[in-house]
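*Asks:* This is the structure I want to talk about, given as structure tokens.
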Amino acid sequence: MNDLDMLLCELVADLRARQMAVFVGAGVSMCPPSSLPGWTGLKAQILDSILHSMSLRGISLLRDIGIDEILRNSTLSPEVVLSALSHQGLENLKLAFSLLLNSASPNLLHTLIAKMAKCGLVRIIVTTNFDTLLEQALTLQGVAFVQIAADEDFHEFFVYGLKQFRNPHFKVAAPTVRVPSMVVRPPDPAWEAEIKRKRQRYDVPVAVVKLHGTIEKPHTMLFTAEETAERLPGLRLNVLRFALCQYFSLYMGYSGRDLDIAPSISHVRMTYDTIEKKTLRVLAPFDQYDEESIPEEVFHFPELSARKAYWVVAPHEFGKSPPIAEILSTYGSNGKEIPCDLLDLAQRITSLMDGLDFRIKDTCFPAQSSCSSLTSENVDAWANGLSTTRILLAISELLWSKLDQPALAESVAQESERHATDEHERLRALRVRLRMSLEKGQKVQSIDLLRQLKRIAYTLGADIAIEFRLDEGRTLLELGLPDEAEKAFAEIASVSSALVQTDAGKLSAKSRDYALRALNGLAACDMRNGLLEHAIAGLECAKHLLEETRHHCEHPWDSNRWSSLRATTASNLAYCYAKQGKKESAHAELLVALDEAASAQEPDSQLLILERLVRSCLENADMQTATLYMQRADRLRRRGINPVTIINMTNERKQPTDIGRID
């Protein structure tokens with residue numbers, strides 16, 4: 001018996017013991033007859049459709065100066081390309097995913113996983129795929145399942161589904177319950193019926209955990225660089241942590257290149273290594289309690305290195321993938337690669353599993369997907385419906401910030417303005433051109449673009465006029481005209497402060513937003529003029545206003561916006577404290593700024609803050625913490641965010657120019 005046969009026998013033994021969670025990547029859905037594109041293929045398909053659409057519209061510039069070839073041959077990650085498209089307001093971008101992924105049917109690998117679930121061998125299926133092929137296969141096999149994709153699903157899983165999906169073969173210490181002071185909820189038939197419904201949802205044999213969301217619920221999908229720059233958001237991370245610690249893992253068709261997954265798995269190990277009692281805290285069912293006083297249940301688990309992981313890789317890639325090696329190292333000696341093609345693995349598993357009614361037939365695999373041409377036509381039709389100006393601006397952004405082609409980026413931005421169909425699109429194009437002009441230090445051209453923007457903004461309503469005035473203040477500040485900038489910020493601060501005092505409810509959110517940005521802008525002017533005490537007073541006022549505003553955040557966009565403003569305020573305070581020699585206060589504010597920038601999903605801001613934290617740690621001779629911050633910054637840069645680097649630590653840091661910035 002060779003090494004591969006021994007590994008497979010060990011894997012089958014663990015499957016029979018019902019101790020396996022399956023981690024499914026894009027490679028599983030790439031096998032025929034599904035024949036879906038991989039993550040990189042998805043990017044190529046969308047790019048090709050967009051460039052073809054530009055050609056049909058007579059936009060010859062991209063072809064004439066070779067931009068189409070630059071984009072097709074670039075090594076840009078899919079997340080970066082999709083981020084550029086998303087930044088330009090192409091809200092129907094997720095429709096392209098639906099068109100590409102919805103027309104496929106399950107293949108034999110999906111069926112194998114469904115058969116194993118039907119036999120009770122697999123309880124949890126974790127996947128980064130957007131498609132619903134696993135769900136289709138489970139339905140065809142008559143297997144009831146619960147899909148966990150939205151944030152509320154991940155929360156409910158912890159409240160109602162955790163005990164249901166705990167591994168019965170995995171011995172853990174008895175859970176303890178920490179119950180805060182609480183008010184027992186009086187009987188409520190409607191409430192009790194809702195709780196019963198939620199509990200019944202998780203009374204199923206299989207959970208399908210969609211870490212990056214699903215095309216069935218477009219709002220759950222995570223695919224841009226900002227959304228996947230670091231480890232998974234807390235709720236998703238906790239469910240992944242539960243699955244990895246409760247079950248052995250079988251990774252199928254997964255490359256390990258998602259930079260939010262590897263840090264997430266490493267974080268599981270790091271968390272256990274740094275907590276004396278290895279625990280996982282979750283919410284207990286709250287059918288008896290008010291939501292404000294939910295008890296906390298604590299489960300005790302061993303370290304992740306005590307669990308096993310099997311990773312199926314193609315024979316020619318065995319031992320050659322750094323991402324896979326990095327993740328498997330988290331499992332210590334229990335992380336093992338299986339050099340075997342996926343279809344060969346399926347056949348070997350079924351031959352070793354008595355009672356698993358499943359056989360592979362070569363006739364089940366057509367040479368190519370019958371729906372591929374239809375899918376391509378659908379995506380081309382989607383691309384033809386996009387705005388020419390916004391597509392060109394997205395391409396301009398890629399050329400400018402990712403591909404280091406500033407001359408080509410400016411040409412495309414100018415072309416986008418010529419194709420604007422209304423004043424709103426022209427305003428968007430001029431903003432992009434202004435940003436490029438500022439970064440190149442072209443003062444005269446920047447002021448001219450500012451005048452053009454002003455003429456348009458003041459014709460499009462009060463909100464856009466106020467946004468422009470704030471943007472104008474920031475621009476004047478960057479151009480070295482703090483007095484003129486102060487006038488702009490003071491005007492908005494005066495107007496918005498009056499609105500804050502008179503508005504109520506939802507209306508106050510927008511006016512408070514204006515006031516907070518204006519206060520940060522005024523503080524920036526004071527800092528430029530050396531008036532640090534005035535700046536700190538204004539920023540403390542902004543902090544107070546932020547705390548008052550938290551309860552107005554009725555939707556995720558609001559929460560992100562307030563986190564962004566809190567990060568900017570804390571960053572500015574840190575700058576003032578550092579100038580005054582208050583190192584501890586400055587460092588504390590930087591930590592607040594970093595947390596809030598991460599909550600707001602702003603990788604560029606995180607990089608700037610990490611740079612300052614590294615400097616702070618080095619000044620205090622804390623090399624260990626500085627190294628951790630540099631590693632975090634490196635992960636962000638590898639994702640393809642704007643190429644901000646940790647500067648030479650001997651150089652003097654310039655005054656920040658992102659103070660009071662307008663998104």
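*Asks:* Exactly one condition in (1) modelled with pLDDT under 80; (2) in contact with a Lys or Arg (Cβ under 9 Å, 6 or more places away or on another chain); (3) over 20 Å from SER401 (Cβ atoms) is not met by LYS94; state its number.
*Replies:* (2)
*Asks:* Next question. Considering each residue of the range 23-60, count those that are farther than 22 Å from PRO106 by Cα, open to solvent by 40 Å² or more (accessible area, probe 1.4 Å) and not aliphatic (A, V, I, L, M), and give that number.
*Replies:* Summing the residues that are farther than 22 Å from PRO106 by Cα, open to solvent by 40 Å² or more (accessible area, probe 1.4 Å) and not aliphatic (A, V, I, L, M) in the range 23-60 gives 6.
*Asks:* Within the range 224-258, can you find the residues that are open to solvent by 10 Å² or more (accessible area, probe 1.4 Å) and in contact with a Gly (Cβ under 9 Å, 6 or more places away or on another chain)?
*Replies:* GLY253, TYR254, SER255, ASP258
*Asks:* Now a separate question. Residues to consider are ALA117, ALA96, ALA137; find the one that is open to solvent by less than 10 Å² (accessible area, probe 1.4 Å), in contact with a strand residue (DSSP E or B) (Cβ under 9 Å, 6 or more places away or on another chain) and either in a helix (DSSP H, G or I) or among the charged types (D, E, K, R) (or both).
*Replies:* One residue alone meets the criteria, ALA117.
*Asks:* From the list VAL126, VAL80, which residue is more than 30 Å from CYS340 (Cα to Cα) and either in contact with a Gly (Cβ under 9 Å, 6 or more places away or on another chain) or at pLDDT 80 or above (or both)?
*Replies:* Just one listed residue meets the conditions, VAL80.
*Asks:* Could you list all residues from the range 322-357 that are open to solvent by 20 Å² or more (accessible area, probe 1.4 Å), in contact with a strand residue (DSSP E or B) (Cβ under 9 Å, 6 or more places away or on another chain) and part of a loop (DSSP other than H, G, I, E, B)?
*Replies:* If the condition is that a residue be open to solvent by 20 Å² or more (accessible area, probe 1.4 Å), in contact with a strand residue (DSSP E or B) (Cβ under 9 Å, 6 or more places away or on another chain) and part of a loop (DSSP other than H, G, I, E, B), then ASP341 is the only one that fits.
Per-residue answers, yes or no, for (1) within 24 Å of TYR331 (Cβ to Cβ); (2) at pLDDT 80 or above; (3) of a type in the set (A, V, I, L, M); (4) in contact with a Lys or Arg (Cβ under 9 Å, 6 or more places away or on another chain):
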residue: PRO168; (1), (2), (3), (4): yes, no, no, yes
residue: PRO180; (1), (2), (3), (4): no, no, no, no
residue: VAL206; (1), (2), (3), (4): yes, yes, yes, yes
residue: THR220; (1), (2), (3), (4): no, yes, no, yes
residue: GLU230; (1), (2), (3), (4): yes, no, no, yes
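*Asks:* Failed condition for THR569, given (1) modelled with pLDDT under 75; (2) buried (at least 21 other Cβ atoms within 10 Å of the Cβ), with all others met?
*Replies:* So the condition that THR569 fails would be (1).
*Asks:* So, one more: Somewhere in the range 192-202, is a residue modelled with pLDDT under 80 and of a type in the set (Phe, Trp, Tyr)?
*Replies:* no
Table: residues versus (1) assigned to a helix (DSSP H, G or I); (2) surrounded by 19 or more Cβ atoms within 10 Å (Cβ to Cβ); (3) touching a residue at least 12 places away in the same chain (Cβ under 8 Å).
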{"residue": "GLU584", "(1), (2), (3)": "yes, no, no"}
{"residue": "ALA597", "(1), (2), (3)": "yes, yes, yes"}
{"residue": "GLN601", "(1), (2), (3)": "no, yes, yes"}
{"residue": "ASP604", "(1), (2), (3)": "yes, no, yes"}
{"residue": "LEU607", "(1), (2), (3)": "yes, yes, yes"}
{"residue": "LEU610", "(1), (2), (3)": "yes, yes, yes"}
{"residue": "VAL614", "(1), (2), (3)": "yes, yes, yes"}
{"residue": "THR627", "(1), (2), (3)": "yes, no, no"}
{"residue": "ASP634", "(1), (2), (3)": "yes, no, no"}
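*Asks:* A further question on this structure: Across the range 464-492, which residue is farthest from SER511 (Cα to Cα) among those that are within 30 Å of the chain's Cα centre (by Cα) and either open to solvent by less than 20 Å² (accessible area, probe 1.4 Å) or among the small types (Gly, Ala, Ser) (or both)?
*Replies:* Here the residue is THR475.
*Asks:* Let me ask you something else. Has the range 18-39 got at least one residue that is without any contact (Cβ under 8 Å) to a residue 12 or more places away in the chain and either in a helix (DSSP H, G or I) or basic (Lys, Arg) (or both)?
*Replies:* Filtering the range 18-39 down to residues without any contact (Cβ under 8 Å) to a residue 12 or more places away in the chain leaves none.
So far as the range 18-39 goes, no, none of its residues is without any contact (Cβ under 8 Å) to a residue 12 or more places away in the chain and either in a helix (DSSP H, G or I) or basic (Lys, Arg) (or both).
*Asks:* So VAL143 fits all but one of (1) touching a helix residue (DSSP H, G or I) at 6+ places or on another chain (Cβ under 6 Å); (2) of a type in the set (Val, Ile, Thr); (3) closer than 30 Å to THR389 by Cα; what number is the exception?
*Replies:* (3)
The values are calculated or read from the model by the stated rules, or taken from the named source; none is laboratory data. Small disclaimer: the values here were computed from a predicted structure and weren't measured. Heads up, the Cβs are rebuilt from the backbone with ideal geometry, glycines too, and the neighbour counts pull from every protein chain shown. Only protein heavy atoms, including side chains, enter the accessible area calculation; ligands, DNA and RNA are left aside. Shrake-Rupley method; radii C 1.70, N 1.55, O 1.52, S 1.80 Å.
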